[in-house]
Amino acid sequence: MYKLIAVDLDGTMLNSYGIVTENTKNVIKNVINKGTDVIIASGRPIDSIKAIAKEIGSENYFIAGNGALVYDIKNDEVVYEKYMPKEKVLEIIKICEENSITYNVYTDETILATSLKYNVLYYHKENLKKEEDKKTNISIVKDMYDYVKNMNNAKFLKITICDDMKSVFNSILKKINKVKDVEALDVSHMSRKTITQGTEEIPIEYYYTEITYKDVDKWNAIEFLAEKINIKREEIIAIGDNINDKKMIEESGLGIAMKGSTPYVTEVAKYITDTNNDEGVAKAIEKFCLV
């Protein structure tokens, strides 16, 4: 019997509109009631994940910032953390500013951005449909370097870099990879999401990478949690779609990739489920846990 299911959000549990379907919610609640815990393992910050965890009935733990922290929902506290030092954040901000590329800084509480573009625009549009306590906290700042420099006691999860030109994107990655003690995900395919503007549907497509402190990974956070709650590797299912899900899919007892995932993920997955727009998470849980 599988005792823990770790599920990514964007491109996995959430459809292209940022929604968990009612059927998916019901399937997750059903498997939780049968004794299998379902936790979110996402790159998002705490508040953004909290609201979705409540929607699906996940009441114990979740992983944020791609494994930078494990959050205990019942006790409202972080039980595992591996944040990026401020000096590393400032070093990466400087590189991004010098190369005029779009980037965002994720803390445990908010997403810092200089404008509403790419993934932050998607989160902003997502917020417009949500109640106040369920919104992803976004802070638009004018001078990111000075703003971060003057932040006291901030906890930095990651930095995302976005661009719709692959040549520009690859150029900045070469410079980021020279920064000591940080890791940038090797992303080879475009992120594709959809927002609604009145009656019109508008696609948002861009290349992006996520930069974290060394050894930050969803699987490392899952291992910590598994030891804490006494669950074996073979009792864990991991479901995801992107390179930041690769290690947890590869190392868990059953690694499941979404249809259309990056090849890095499909190559190591033991099973390919349907797409995020066709309730692939619900179908995988039904197949392996509710038969």
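For ASN66, the criteria (1) within 17 Å of PHE224 (Cα to Cα); (2) at pLDDT 95 or above hold in every case but one, which is (2).
Looking at GLU250, GLU279, GLU286, GLU200, which one is among the acidic types (Asp, Glu) and at positive phi? Spell out how you get there, then give the answer.
Values: GLU250 fails: at positive phi; GLU286 fails: at positive phi; GLU200 fails: at positive phi.
Within the list GLU250, GLU279, GLU286, GLU200, the selection yields GLU279.
Report yes if LYS246 is under 20 Å from the mean Cα position of the chain (by Cα), crowded, with 20+ Cβ neighbours inside 10 Å and in the same structural domain as TYR106 (by TED's automatic domain parsing), otherwise no.
On the way: under 20 Å from the mean Cα position of the chain (by Cα): yes; crowded, with 20+ Cβ neighbours inside 10 Å: yes; in the same structural domain as TYR106 (by TED's automatic domain parsing): no.
When the stated conditions are applied, LYS246 does not pass them.
ILE202 meets all of the listed conditions (1) in contact (Cβ under 8 Å) with a residue 24 or more places away in the chain; (2) in a strand (DSSP E or B); (3) farther than 25 Å from VAL31 by Cα; (4) of a type in the set (Val, Ile, Thr) but one, namely (1).
Of a type in the set (D, E, K, R), surrounded by fewer than 19 Cβ atoms within 10 Å (Cβ to Cβ) and within 13 Å of the chain's Cα centre (by Cα): is that true of ASP47 in this structure? Lay out the reasoning, then the answer.
Details: of a type in the set (D, E, K, R): yes; surrounded by fewer than 19 Cβ atoms within 10 Å (Cβ to Cβ): yes; within 13 Å of the chain's Cα centre (by Cα): yes.
Spelling it out, ASP47 is indeed of a type in the set (D, E, K, R), surrounded by fewer than 19 Cβ atoms within 10 Å (Cβ to Cβ) and within 13 Å of the chain's Cα centre (by Cα).
Using the structure shown, decide if LYS25 is modelled with pLDDT under 95, within 28 Å of GLU201 (Cα to Cα), of a type in the set (D, E, K, R) and surrounded by fewer than 22 Cβ atoms within 10 Å (Cβ to Cβ). Criteria not met by LYS25.
Return the only residue of THR266, THR262 being under 22 Å from TYR208 (Cα atoms), surrounded by 17 or more Cβ atoms within 10 Å (Cβ to Cβ) and either without any contact (Cβ under 8 Å) to a residue 24 or more places away in the chain or touching a His at 6+ places or on another chain (Cβ under 6 Å) (or both). Full working, then the answer.
Working: THR266 fails: surrounded by 17 or more Cβ atoms within 10 Å (Cβ to Cβ).
Going through THR266, THR262 in turn, just one is under 22 Å from TYR208 (Cα atoms), surrounded by 17 or more Cβ atoms within 10 Å (Cβ to Cβ) and either without any contact (Cβ under 8 Å) to a residue 24 or more places away in the chain or touching a His at 6+ places or on another chain (Cβ under 6 Å) (or both): THR262.
The values are calculated or read from the model by the stated rules, or taken from the named source; none is laboratory data. As the structure is a computational prediction, the values presented were derived from the model and not from experiment. With ideal geometry, Cβ positions are generated from the backbone for all residues, glycine too; neighbour counts draw on all protein chains shown.
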